[in-house]
Amino acid sequence: MAVKQVGIVGCGQMGSGIAEVCARAGYIVVVSEADEALLKRGLASIEGSLARAVSRGKMTEADKATTLKRISGTTSVEGFKDCQLVIEAVVENMAEKRKVFAALDQACQKDAILASNTSCLSVTEMAVATKRPDKVLGIHFFNPVPVMKPVELVRTILTSAETIATARDFSQSLGKSVVVSPDTPGFIVNRLLTPYLLDAVRLLESGTVSREDIDQAVTLGLNHPMGPLALADLIGLDTLYSISTALYEEFKDPRYAAPPLLRRMVLARWLGRKTGKGFYDYPKVKA
Ligand code: 3HC
């Protein structure tokens, strides 16, 4: 099936990035949010990211205008009725995601593919909320979406080969490199990344090492673009907490248990870059 129009449910950090790369690749994009205010904020963040690309000489003003014209917003699931592919990027909460999938199943054409950008939750559990589990998969992007090359396609035991083939073609058309993972908690990247990030929080919590030394040691010692605490702030501490909780629930392995400091930071809404405060301060962001 040829994908021409793509729907994105949720226009937060990940949803806005996915909408941007789809529109830049030439797709007609519909994004949804729960209300007009959130939608306005999401669309503004896409425009801001495109403006940044123009200021860095990666895009012309004319291309920016053309890209923005391809994107429209909706607050209703009916807005996705003409999409061949819809990607869900709402909060990492299974009950919410299952509601979204059930509603999409009702509203979308019967051969449309429904995907989740979940970082760790079971795609099978979302698929069985629909009457088309063979057309449901995970398409997991990485943050920042416009920069990061990989996409993990998550294939459940119910996903058809045709669905994977369409999703692979689509992801490659965005300039992404595809890896395929089974529907296992955390898939490939977050399964490996999470214990490492949690260990960095535990090290900080021990009070023996500063945040700067942890991050600098990894940046220089392992040649990573950023240290684990800065990366946790980029991902979002609420997202890291949800991923660790989901992994811990499945495996009951203490490696995945969220350290008390992380939980308390999430309770305090110190969520990292998106709220202006995490392990570091981001004074330009309005809390
Ligand atoms: N949107 C668009 N472009 C961005 C961007 C954003 N949010 N942030 C950075 N960029 C671009 C810049 O425009 C710049 O491009 P240019 O060199 O062509 O002009 C380039 O990226 C480098 O940016 P900066 O010079 O501003 O900053 P850095 O060199 O420090 O790079 C970074 C920033 C790209 C974020 C880099 O530090 C990095 O790659 N960090 C690691 C990110 C990572 O590991 N992401 C995966 C997280 S795990 C995940 O997402 C899974 C989820 O499920 C949790």
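Around G73, which amide H atoms from residues at least 5 apart in sequence, or from another chain, sit under 5 Å from its own amide H, with H modelled in the peptide plane?
It is V31, by chain and number.
Whose amide H sits under 5 Å from the amide H of V180, counting only residues 5 or more places off or on another chain, with H placed in the peptide plane?
Under 5 Å from the amide H of V180 lie the amide H atoms of L153, each far enough along the sequence or on another chain.
Got a sec? Which residues in region 129-166 would a label at E249 touch, if it sits 7 Å along Cα→Cβ and we count backbone N under 16 Å?
129
When every alpha-carbon pair in region 189-267 is counted, what percent end up more than 15 Å apart?
When every Cα pair of region 189-267 is considered, 53 percent fall beyond 15 Å.
Reachable aspartates and glutamates from K58, Cα under 17 Å, same-chain residues fewer than 8 places away excluded?
Those aspartates and glutamates meeting the cut-off are E20, E47.
Evaluate E = 1/(1 + (r/R0)^6) for D35 and K69, where r is the Cβ-Cβ distance and R0 equals 22 Å; express this FRET efficiency to the nearest 0.05.
It comes out at approximately 0.40.
Could you give the angle, 0 to 90 degrees to the nearest 10, between helix 189-205's Cα long axis and the longest principal axis of the Cα atoms of the chain?
30
Work out from phi, with θ = phi - 60° and the Karplus expression 6.51 cos²θ - 1.76 cosθ + 1.60, the ³J(HN,Hα) of each residue of region 25-33, listed in order in whole Hz, and give x for Gly and Pro.
Rounded to whole hertz, the list is 7, x, 6, 7, 10, 10, 10, 10, 9.
For V6, list long-range residues whose amide hydrogen, built 1.01 Å from N in the peptide plane, is under 5 Å from its own amide hydrogen.
I28, V29, V30
Across region 137-183, what fraction of all alpha-carbon pairs, as a whole percent, falls in each successive 10 Å bin from zero upward?
Percent of Cα pairs in each bin: 30, 55, 15, 0.
Using only Cα positions of the chain, each an equal point scatterer, no hydration layer, compute I(q)/I(0) via Debye at q = 0.12 Å⁻¹ and quote the log10 values to two decimals.
Computed log10 I(q)/I(0) values: -0.77.
Using the Karplus curve 6.51 cos²θ - 1.76 cosθ + 1.60 with θ = phi - 60°, work out ³J(HN,Hα) for each residue of region 178-184 in order, rounded to whole Hz, and write x for Gly and Pro.
Listing the rounded values in order: 9, 10, 10, 10, x, 7, 10 Hz.
Just want to confirm a number: the relative contact order over region 5-182, from Cα pairs under 8 angstrom separated by 6+ residues, in percent.
Over region 5-182, the number comes to 20 percent.
Return the percentage of antiparallel bridges among DSSP beta bridges fully within the chain, rounded to the nearest 5 %.
That works out to approximately 15 percent antiparallel.
Which ³J(HN,Hα) values, rounded to whole Hz and listed in residue order, are derived for region 90-95 from phi using the Karplus coefficients 6.51, -1.76 and 1.60 in 6.51 cos²θ - 1.76 cosθ + 1.60 with θ = phi - 60°, glycine and proline given as x?
Using θ = phi - 60°, the values come out as 8, 4, 6, 9, 4, 4 Hz.
I need the semi-axes of the equivalent ellipsoid of region 84-226: take the C-alpha gyration tensor, multiply each eigenvalue by 5, square-root it, list largest first in whole angstrom.
Values: eigenvalues 226, 58, 28 Å².
Output for region 84-226: semi-axes of 34, 17, 12 Å.
Going 7 Å from the Cα of V91 in the Cα-to-Cβ direction, what parts of region 14-37 have a backbone nitrogen less than 20 Å from that spot?
14-17, 32-37
No lab work stands behind these numbers, since they all come straight from the coordinates. None of these values were measured; they are calculated from a predicted model. Note that we place each Cβ from the backbone using ideal geometry, even for glycine, and neighbour counts take in every protein chain shown.
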